[in-house]
Amino acid sequence: MTDKRNRNPIGGHVPVAGGLAATGISYAEDIGAEAVQVFVANPRGWATTSGSPRQDEEFRAACGARELPVFVHAPYLINFGSHTKATADNSVSSLRHSLRRGREIGASGVVVHTGSATGGRDRATALAQVGLLLAPLLKELTREDDPWLLLEPTAGQGSSLCSQVRDLEPYFEILGRHPRLGVCLDTCHVFAAGHDLAAPGGVKRTLDELEAIVGPGRLRLIHANDSKDVAGAHKDRHANIGSGHIGDAPFADLMTHPSTDGVPLVIETPGRKEGHATDVARLKELREGTG
């Protein structure tokens, strides 16, 4: 493993419908991934599965042999700010399942969207509920092999609770800055929320602000996605690396900022295997300074 790979492993979200090891590892190899992200449940539903100890062990062994950091993305329906009791209760059960499955497959972190205030309720009320529901789940993370819980700010649509970097401060405060609470920064989301990464110095300003608010070592994963829309559009529409409004250069800047040292980059870009391999290769070129 090279020093530069150690600094920023680059990979992608991989499909696992045919099995964690059989499908996920094969896809990771085909796209040249140095890190992987997976779903461990239906991303658009509440149903959960117990998993297979044999497949879990095969997956852990394969990732260990290839030195692949692993991350889990929790289902999209989770919203701890919801006014609906069923959604709030299901959010707790779903995230608890993702955290448990994350430990079982050796994941470094579990990514969850920061949600929104629904039903016309005010932001303070929704955030208070976030604290009540999330804090007990964080308290369950007591083992050394437990994953981090990684908050992913959204693009700022609707009544989003957390989209700009400054929105993370009340989130962290209400959760007591738990030692296993971290951040997954999605470049498309933060750009859409109004942080112009493509502007001169835009990446540095954004990452400086992030570290000042959450503290060093809290940024644990980056979703590397270009944006089909302009900065501040509040639209979550991913584009392939270099083909959107962010462009190539900000991704190179991202990988030289001190706060990203050791932080993996995972793509969630449009297309299938060949396109994903191209995006991974492009990010590696930018990391190596050859592109």
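Numbers below:
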| read-out | value |
| --- | --- |
| Separation between Cα centres of the stretch 179-209 and the stretch 250-291, rounded to whole Å | 15 |
| Under the span-like rule (Cα at least 15 Å along the axis, Kyte-Doolittle mean at least -0.5), DSSP H helices of the chain | 123-139, 202-214 |
| Additional length obtainable on full extension of the chain from K235 to D208, 0.36 nm per residue less Cα span | 7.3 nm |
| Simple spin-label estimate for R5 and R44 in nanometres, 7 Å along Cα-Cβ | 3.5 |
| E274 paired with D261, simple spin-label distance in nm, labels 7 Å along Cα-to-beta-carbon | 4.1 |
| Computed label-point distance, nm, for sites A22 and A281 using a 7 Å Cα→Cβ extension | 2.9 |
| Percent accessible area from carbon and sulfur atoms, the chain, protein chains only, probe 1.4 Å | 51 |
| Descending semi-axes in whole angstrom, ellipsoid equivalent of the stretch 1-122, from the Cα gyration tensor | 30, 16, 11 |
| Rg ratio (alpha-carbon, reference 2.2 N^0.38 Å) - the stretch 138-291 | 1.03 |
| Charge dipole magnitude, Cβ of K and R +1, D and E -1 - the stretch 220-291, Cα centre, debye nearest 20 | 200 |
| Solvent exposure ordering (accessible area, 1.4 Å, most first) of T49, T87, T125 | T49, T125, T87 |
| Most mobile listed residue (P250, P153, P200) in the chain, GNM with C-alpha springs under 10 Å | P200 |
| Net charge, A212 excluded, C-beta distance under 13 Å - Lys, Arg +1, Asp, Glu -1 | 0 |
| Distance-filtered residues of the stretch 257-291 - backbone nitrogen under 17 Å, label point 7 angstrom along S243 Cα→Cβ | 267-284 |
| DSSP bridge orientation in the stretch 154-291 - percent antiparallel, rounded to nearest 5 | 20 |
| Gap separating the Cα centres of the stretch 102-123 and the stretch 1-69, nearest whole Å | 20 |
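The values are calculated or read from the model by the stated rules, or taken from the named source; none is laboratory data. Treat the numbers as computed from the prediction; the structure is a model and nothing was measured. For neighbour counting, all protein chains shown are included, and Cβ atoms are generated from backbone atoms with ideal geometry for every residue, glycine included. Side chains are part of the model used for accessible areas, which takes the heavy atoms of the whole protein and leaves out ligands, DNA and RNA. Shrake-Rupley method; radii C 1.70, N 1.55, O 1.52, S 1.80 Å.
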